[in-house]
Amino acid sequence: MVRGMNNILEKIKILYSKLQEPFVGREDEARAIVLALLSREHVVLIGEPGTAKSALARRLAELINARFFKYLLTKYTEPSELFGPLDLKSLKEGIYTRITKGKLPEAEIVFLDEVFNANSAILNALLSIMQERVWYDGYTEIRVPLWSLVGATNRVPEEPELEAIYDRFLIRQYARPLPENKWSDLLEAGWRIESGSVPPIKPVASISDVAEAHKLIFKVDMSSIKSKLLRLYAILEERGIHLTDRRKAKTLKAIAANALLEGRMYAEERDLIVLKYTAPRELGDFDKVNIILSEELRMPERFLKELSDIQANIREASRLVESMRSYDPRLVDLYRSLKIAKSRVLTIQREADDDRVQALAQETLKDIDELLEKISYKLGM
Ligand SMILES: Nc1ncnc2c1ncn2[C@@H]1O[C@H](COP(=O)(O)OP(=O)(O)O)[C@@H](O)[C@H]1O
Ligand SMILES: [Mg+2]
């Protein structure tokens with residue numbers, strides 16, 4: 001263990017949980033933002049208006065003690081609005097500089113709403129700022145303290161001139177409107193947020209905490225996931241989802257960041273889930289990637305779901321058995337189905353290395369065995 005590690009990671013975890021706290025169903029968005037911070041990369045939230053993108057960015061600004069700059073871009077936004085006005089006094093002396101106080105060149109965290117509205121002058125500046133953390137203004141080259149840029153947009157850019165900047169958002173999250181079963185919670189949460197009764201928040205981490213945590217990601221043991229990652233890249237490519245070389249390389253950082261966020265100094269197969277943020281390009285890709293990942297990764301959530309489905313079936317079958325007479329021929333079919341379910345549960349037990357899955361599998365096996373016994377009895381076996 002690296003000294004001080006627990007303390008730093010604790011702060012990052014608190015940041016993650018506080019960030020999503022007032023919102024309904026925005027865990028993935030909060031995780032996207034935190035993974036970007038840990039990886040020292042940029043994140044874009046894509047989604048129709050009103051999906052809490054700006055609210056999340058505002059909350060991030062409150063939770064992290066950093067120099068923050070935010071701006072809503074339109075086609076008419078001038079470079080001076082982001083980078084500061086020209087310094088006329090210096091200009092008279094023949095020196096071209098801008099007054100950057102409080103503007104993007106001095107910010108550690110930047111939120112650009114409708115980021116793909118940027119015109120070409122702004123785009124060019126942003127590209128080098130995002131990539132090299134260097135701002136070329138006129139004849140000068142200035143290092144900027146930018147840590148992560150958070151972008152929001154309601155569309156995936158189609159224009160070729162936006163391709164380069166879109167690629168620089170390693171983390172992409174599609175913030176969808178909430179499904180119907182969350183609408184009731186949304187009313188509650190929205191009411192609290194709108195009425196201002198969400199308690200004011202104090203920063204829970206500083207940018208130097210984030211920087212400390214970022215250093216740790218390079219100490220995460222990645223050895224066990226590399227071959228699986230390569231296989232996933234091949235599968236994605238085969239299914240028409242292409243990651244640029246930049247994204248293929250940088251995804252490793254996001255994987256390590258996810259392991260850290262889960263409190264591990266080693267990556268596991270389940271950390272490859274971050275591909276859901278780094279692989280999609282088109283909106284349709286987000287679902288495709290999720291499906292591929294759920295097929296390819298041994299995810300505890302999937303096993304938990306499967307086991308609880310099996311349990312529900314057993315309860316149903318158990319009621320049925322109660323109501324059946326001895327020697328009912330359907331008992332034989334049930335007996336067989338239960339044997340099949342049992343071997344599936346045993347497979348899950350072998351494959352999963354998650355405590356919750358193990359516990360639930362154990363419980364399910366017990367239920368199955370009890371029911372098998374009941375059926376045997378009725379069958380007079
Ligand atoms: N998932 C959510 N949970 C709670 N409130 C939400 C949620 N989504 C939207 N809202 C409410 O809607 C408001 C508008 O969200 P906003 O951040 O402006 O959306 P966007 O920037 O995506 O257009 C939020 O301030 C909040 O009151
Ligand atoms: Mg907004």
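Would you please give the residues with an amide H less than 5 Å from that of residue 137, counting only those at least 5 places away or on a separate chain, with H modeled from the backbone geometry?
Amide H neighbours of residue 137: 142.
From the Cα trace of region 150-275, what convex hull volume per residue do you get, rounded to a whole Å³? Don't skip to the answer; put the middle values down first.
On the way: hull volume 22.8 nm³, N = 126.
Convex hull of Cα atoms, per residue: 181 Å³.
With a/c under 1.5 counting as rounded, go ahead and sort region 1-103 into rounded, prolate or oblate using the C-alpha gyration tensor (a ≥ b ≥ c being the square roots of the eigenvalues; past the cut-off, prolate if a/b is larger than b/c, else oblate).
Since a/c reaches 1.5 but b/c is at least a/b, the shape of region 1-103 is classed as oblate.
With springs only between Cα atoms under 10 Å, which of 150, 357, 204 fluctuates most in a Gaussian network model of the chain?
Judging by the Gaussian network model, the answer is 357.
Pop a pseudo-label 7 angstrom from the Cα along the beta-carbon direction at both residue 319 and residue 249 and give the gap in nm to one decimal.
Using points 7 Å along Cα→Cβ, the separation is 5.9 nm.
Report P(r) for the chain: all Cα-Cα distances, bin width 20 Å, range 0 to the bin holding the largest distance, values in whole percent.
24, 48, 21, 6, 1, 0
Based on the Cβ-Cβ distance of residue 373 and residue 282, what FRET efficiency does E = 1/(1 + (r/R0)^6) give at R0 = 56 Å, to the nearest 0.05?
0.60
So how do 221, 137, 271 line up by other beta-carbon neighbours within 10 Å, fewest first?
Working: 221 13, 137 17, 271 25.
Least crowded to most crowded, the residues run 221, 137, 271.
Taking GluC sites (Glu not before Pro) as candidate sites, keep only those in a DSSP loop with at most 16 other Cβ atoms within 10 Å, then name the longest stretch of the chain containing none of them.
Values: sites that count: 93, 158, 262, 282.
The segment 159-261 is the longest one with no such site.
Is it possible to state the helix-based mean residue ellipticity at 222 nm for the chain, with each DSSP H run of 4+ residues giving -39500 (n - 2.57), the sum divided by total residues, to the nearest 500 deg cm²/dmol? What is it? It would help to have the intermediate numbers written out before the result.
Details: 16 runs with 213 residues, N = 381.
After summing the helix terms and dividing by the residues of the chain, the value is -18000 deg cm²/dmol.
Take the chain, connect every pair of alpha-carbon atoms lying under 10 Å apart with a spring to form a Gaussian network, then pick out the residue of 113, 328, 28 with the largest mean-square fluctuation.
328
What does the C-alpha gyration tensor say about the overall shape of region 5-207? Classify as rounded when a/c is under 1.5, otherwise prolate if a/b is larger than b/c, or oblate.
Details: a/c = 1.99, a/b = 1.63, b/c = 1.22.
Prolate, because a/c is 1.5 or more and a/b exceeds b/c.
Return an integer: the convex hull volume of the alpha-carbon atoms of region 219-264, in Å³ per residue. Can you show the working numbers first?
Numbers: hull volume 3.4 nm³, N = 46.
Spread over its residues, the Cα hull of region 219-264 gives 74 Å³ apiece.
Assign one of three labels to region 225-296, namely rounded, prolate or oblate, based on the Cα gyration tensor with a ≥ b ≥ c the square roots of its eigenvalues; rounded applies when a/c is under 1.5, prolate when it is not and a/b is larger than b/c, and oblate otherwise.
Working: a/c = 1.73, a/b = 1.63, b/c = 1.06.
Judged from the Cα gyration tensor, region 225-296 comes out prolate (a/c at least 1.5, a/b above b/c).
If I model region 243-381 as equal point scatterers sitting on the Cα atoms and use the Debye formula, what is log10 I(q)/I(0) at q = 0.12, 0.21 Å⁻¹?
-0.63, -1.17
Take the Cα gyration tensor of region 300-379, multiply each eigenvalue by 5, square-root it, and list the three semi-axes largest first, rounded to whole angstrom.
Details: eigenvalues 132, 23, 17 Å².
Each semi-axis is √(5λ); the values are 26, 11, 9 Å.
Connecting C-alpha atoms closer than 10 Å in a GNM of the chain, tell me which of 290, 117, 181 has the biggest fluctuation.
181
When only Cα pairs under 8 Å and 6 or more residues apart are kept, what is the percent relative contact order across region 5-207? It would help to have the intermediate numbers written out before the result.
Working: 325 pairs, mean separation 68.3, N = 203.
Reported as a whole number, the value is 34 percent.
Which residues make up the longest stretch of the chain clear of chymotrypsin sites (Phe, Trp or Tyr not before Pro) that lie in a DSSP loop with no more than 15 other Cβ atoms within 10 Å, not counting the sites?
Between exposed loop sites, the widest span is 219-326.
Give the relative contact order (percent, whole number) for the chain; include only Cα pairs under 8 Å separated by 6+ residues.
Details: 517 pairs, mean separation 70.1, N = 381.
RCO, the chain: 18 percent.
Every number in this text was worked out from the coordinates using simple rules, so none of it is lab data. Please read all numbers here as calculations on a predicted model, not as lab measurements. Glycine gets a Cβ as well: all are built from the backbone with ideal geometry, and neighbour counts include every protein chain shown.
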